[in-house]
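Engineer: If you scroll down you'll find the structure; I have some questions about it.
The values are calculated or read from the model by the stated rules, or taken from the named source; none is laboratory data. Only a predicted model underlies this, so the values are computations on that prediction, with no experimental measurement involved. Here the Cβ is made from the backbone with ideal geometry for all residues, glycine too, and neighbour counts use every protein chain on show. We work out accessible area using only protein heavy atoms, side chains counted, and drop any ligands, DNA or RNA first. Shrake-Rupley method; radii C 1.70, N 1.55, O 1.52, S 1.80 Å.
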Amino acid sequence: MSTLEQICAAFRATLVPGSREQAEQLLDTASHSPGFAQVLLQVTASNSVEEHIRQAAAIYFKNKLIREKWQHGLVEPDKAFVRANILEAMNQAPQDRILSQLSMTVDIVCEKDFPQTWTDLPAMIEQQLSRNDATAAYTGLLALRSILKKYRMKPNTEHQTIQPLIGSVFPFVSQMLEQCDQMDDTRMKGKFKWLIVKIFNTANWNYMSPHLMSEQAVGTWMNAFGQILQPVAENATHADGDSFPMNKAQKHVLKGLARIVNNYGSPKNSPYKNDGGEQYGTFFMKNVAPKFVELTLQLLNLRCTATLTPRVTQNCFVLLDECVTSASTYKAMRPHMSGLLNDCLFPVLCFSPEDYELWQHDPHELIRKSTSCEEDMVSPQMAAVNLLIQLSKYRAGKSEKAKSKSGGDSMLDGFMQFLVGVMSAFQANPTLQNAFRCEGAVYAVGCIDEKVKKTEEYAPALETLALQYVLPVMNCQFGFLRARACWFCIKYADFPFNNTGIRQEMLKGVVQCLHDTELPVRAMSAFTIPVSYTHLRAHETPEHLVCRLLLEKKKKKQQQCVK
C-alpha cells in the first residue's frame, strides 16, 4: 500500500513532462491495491497538501476509482471507509473545484449504494446539518441533494423511499433558508440559497411531496422564495452576471415555480391530481401563483433601469408562459400587459448590439447561434417568442376584447399598433438604433403569424404592413433587416393576399437577396426560396423569375458537385 507522501509525489511528477508517463503508470498500478482509495481520499482532505495536488487527487479518485471500480474492483473495507469519511473530507475542501469533485463522488456512491448498503447516510446528513458550522451545513445540503437526485425521475412508488427523509430534514432546511439573510458574506448567502432552492426543486421534480403540500409548508417555502425574487438592481448588474449566486438562486426559483404550475396548473386535469395533488394545485394557483406573477413582472421591470441577466430573464418569460392559460394568474398579468409586451418582451426580440458585432465580425457564428437548438433552450429571446405565441393563441380572442378596458381592443390589437409605430419610426429616421427596433417589430409580427392568418380583420392591415414597411427594407442599408424581411416571407408565404403583386414582390426581393454581399442574408434567402415559390401559383409568377430560380438551382447543384 502506497503512503500519502508517495501518492502526492506521484501526482507532482505527472506535471513534469519527462516523468509524466512513469508517474501515471505508478498511479495505475497502485489503484489496484487494497487501501489505495483510503489514502487517496486522505490526500484530498489533507490541509498540508498543495491545493492543485488535492484537486488532481479528487479528480482521479472520482473517475478512476469510484466511477470505474466501485462495483467491480474496490474491496469492501475501502468502500466502507469512503462511505464513512467522504462527508468529512468535503468539510476540509477549501475550494469549490475540489468540493464539486467530491460532491459528484457522493452522487455516484449514492446511486450505487443507497439505501441498500449506505443505510446511515440520512443520519450523517442530519448530523452535518445540526452542527453549528456553515461548512458542515453546506456539505450536508450537498449530500442531501445527492439522495434526491437519485429519485428525481423515479415513479411515485419509488419516490416514497425518500419521504421520511423529506419529512424530517426539510423543516430544518426551510429554517436555514430563512436564516441565510443574517450572513454577512453576500456570495456565501447566495450559494446557500441557490443550493437550498435546487434541493427543493429536485425533491419535487415530478411529484410534490405530501410533507410540503400543507398550507403552512407552502406558506413557509413560498415566502422564502418571494424574498429571493425581490428585484435588486445590484444583483442584476453584478459583474459575474448569471454566475453570481443570488442570480442563480433567482433562476432556480423561477424554474421550480414554472414546473409546479406546469404540473398542477390545471388541478382537475393534472396527471398528479391524486394523493392531494388536486387540492394542492387549487390552493397554489389561487393563492400563491398570482403573487409570483406580480413579482416576476417587477423583476422584468429591472430591464428598464438595469441589465437583468439572460438566464433570469429567460426563466421569467418561461414562468409567465406557463401562467397564461390559468384564469387566476392571467388576471394578475392582464393589467400590466401593455408594459410587459412593449417594455419588457419587445426589447428582447430586437436585434442587439452583441448580435450586430457578430454580424460584422463572425457571421458564421451568428448563423450557428440562430439555428442551434441548444441555444434556443437557454435563450431569453426564444422564451419571449414562446410567451408571445402563447398570449396570441389564448388571450387575443373576442372574449378578451370584451374584457378589455381599452375600447374593446384585445392585447394583440394594441401590440400590433405599437409595432407599426416602431416601423414608422424607422422609415422616418433610419438610424442604426431604430433599425434594431424595426427588426424586432418584423420578427414579432412573424412570430404571431398563426393568429394573424386566422383573424380576418388583420388581412387588410397585414397587406398594408407588408407593402409599406416590410418589402421596402429588402433594399435598405442594414443587412440584418434584409435577412429578417426574407424570414417574414417564409412566415406569410401562404397568406391569401388580395393584392397578388405582394407575393411576387416578396419572391423578387428574396431572389435578389441570394446575391447579397452579407452571408447571413444569402443564407436566409436560401431558406426562404423553397417556401415562397411553393406557395406562389404558376400564373402569379413572372417568367423571368421562374427562369432565374431554375438557373440558381442548377448553379447550386454544379457547385455541390465540384466540392
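Engineer: Taking only the alpha-carbon atoms of region 273-396, what semi-axes of the equivalent ellipsoid follow from 5 times the gyration tensor eigenvalues under a square root, in whole Å, largest first?
Structural biologist: Each semi-axis is the square root of five times an eigenvalue, giving 31, 16, 12 Å.
Engineer: Which whole-number percent is the relative contact order of the chain (Cα, under 8 Å, 6+ apart)?
Structural biologist: It comes to 7 percent, rounded to a whole number.
Engineer: At a Cα cut-off below 12 Å, give the aspartates and glutamates reachable from residue 453, other chains included and same-chain residues fewer than 8 away excluded.
Structural biologist: Those aspartates and glutamates meeting the cut-off are 463, 494.
Engineer: What figure in square angstrom, to the nearest 10, would you give for the accessible area of residue 491 with a 1.4 Å probe?
Structural biologist: Solvent-accessible area, nearest 10 Å²: 60 Å².
Engineer: Under a 1.4 Å probe, what is the accessible area of the chain per residue, stated in Å²?
Structural biologist: 47 Å²
Engineer: Can you give the local net charge around residue 442? Use residues other than it whose beta-carbon is closer than 13 angstrom to its beta-carbon, Lys and Arg +1, Asp and Glu -1.
Structural biologist: +2
Engineer: What are the aspartates and glutamates whose alpha-carbon lies under 16 Å from the alpha-carbon of residue 149, with same-chain residues fewer than 8 places away excluded?
Structural biologist: 107, 111, 113, 158
Engineer: On each of the three principal axes of the Cα atoms of region 126-173, give max minus min coordinate, whole Å, ordered largest first.
Structural biologist: 36, 16, 12
Engineer: Now for a different question. With viscosity set to 1.306 mPa s at 10 °C, what whole-number translational diffusion coefficient in µm²/s follows for region 75-192 from Stokes-Einstein and a Kirkwood radius over Cα pairs?
Structural biologist: 106 µm²/s
Engineer: Beyond a 30 Å Cα-Cα separation, which of these cross-linked pairs lie in this structure: 251/286; 154/255; 154/491?
Structural biologist: Beyond 30 Å: 154/491.
Engineer: I've got another one for you. Among 441, 250, 32, flag the residue with its Cα farthest along the positive direction of the charge dipole of the chain, charges on Cβ as +1 for Lys/Arg and -1 for Asp/Glu.
Structural biologist: With unit charges placed on the Cβ atoms, the residue in question is 441.
Engineer: When the Kirkwood radius is taken over all Cα pairs of region 80-133, what Stokes-Einstein diffusion coefficient follows at 25 °C and 0.890 mPa s, in µm²/s?
Structural biologist: For these conditions, the coefficient is 210 µm²/s.
Engineer: Let's see if you can work this out: charge +1 on each Lys and Arg Cβ, -1 on each Asp and Glu Cβ, no other charges. What is the dipole magnitude of region 108-243 about its Cα centre, in debye to the nearest 20?
Structural biologist: 380 debye
Engineer: In addition: If the only charges are +1 at each Lys and Arg Cβ and -1 at each Asp and Glu Cβ, what is the size of the charge dipole of the chain around the Cα centre, to the nearest 20 debye?
Structural biologist: 1380 debye
Engineer: Ignoring ligands, DNA and RNA, what percent of the accessible area of the chain is carbon or sulfur (1.4 Å)?
Structural biologist: Solvent-exposed carbon and sulfur of the chain make up 51 percent of the total.
Engineer: Something else: Roughly what angle does helix 186-203 make with the longest principal axis of the chain, taking Cα atoms, 0 to 90 degrees, to the nearest 10?
Structural biologist: Tilt relative to the chain: about 80 degrees.
Engineer: Can you sort 455, 202, 3 by solvent-accessible area, 1.4 Å probe, largest first?
Structural biologist: 3, 455, 202
Engineer: Calculated from DSSP H runs of 4 or more alone, at -39500 (n - 2.57) each and per residue, what is the 222 nm mean residue ellipticity of the chain, nearest 500?
Structural biologist: -21000 deg cm²/dmol
Engineer: Another one. Can you report the principal axis dimensions of region 1-98 using only the alpha carbons, biggest first, rounded to whole angstrom?
Structural biologist: Sorted largest first, the three principal extents are 37, 30, 21 Å.
Engineer: Something else: Contour minus end-to-end for residue 172 and residue 68, with contour as 0.36 nm per residue of separation and end-to-end as the Cα-Cα distance?
Structural biologist: Gain on extension, residue 172 to residue 68, equals 33.9 nm.
Engineer: Here is a further query. Rounded to two decimals, what is Rg over Rh for region 137-270 when you use alpha-carbon atoms and the Kirkwood radius?
Structural biologist: 0.97
Engineer: Say the dipole of the chain comes from +1 at the beta carbon of Lys and Arg and -1 at that of Asp and Glu; which of 95, 200, 378 then lies farthest toward its positive end?
Structural biologist: Result: 378.
Engineer: If you don't mind, there's one more thing I want to ask. From the Cα gyration tensor of region 42-136, with a ≥ b ≥ c the square roots of its eigenvalues, which class applies: rounded if a/c is under 1.5, or else prolate if a/b is larger than b/c, or else oblate?
Structural biologist: Oblate.
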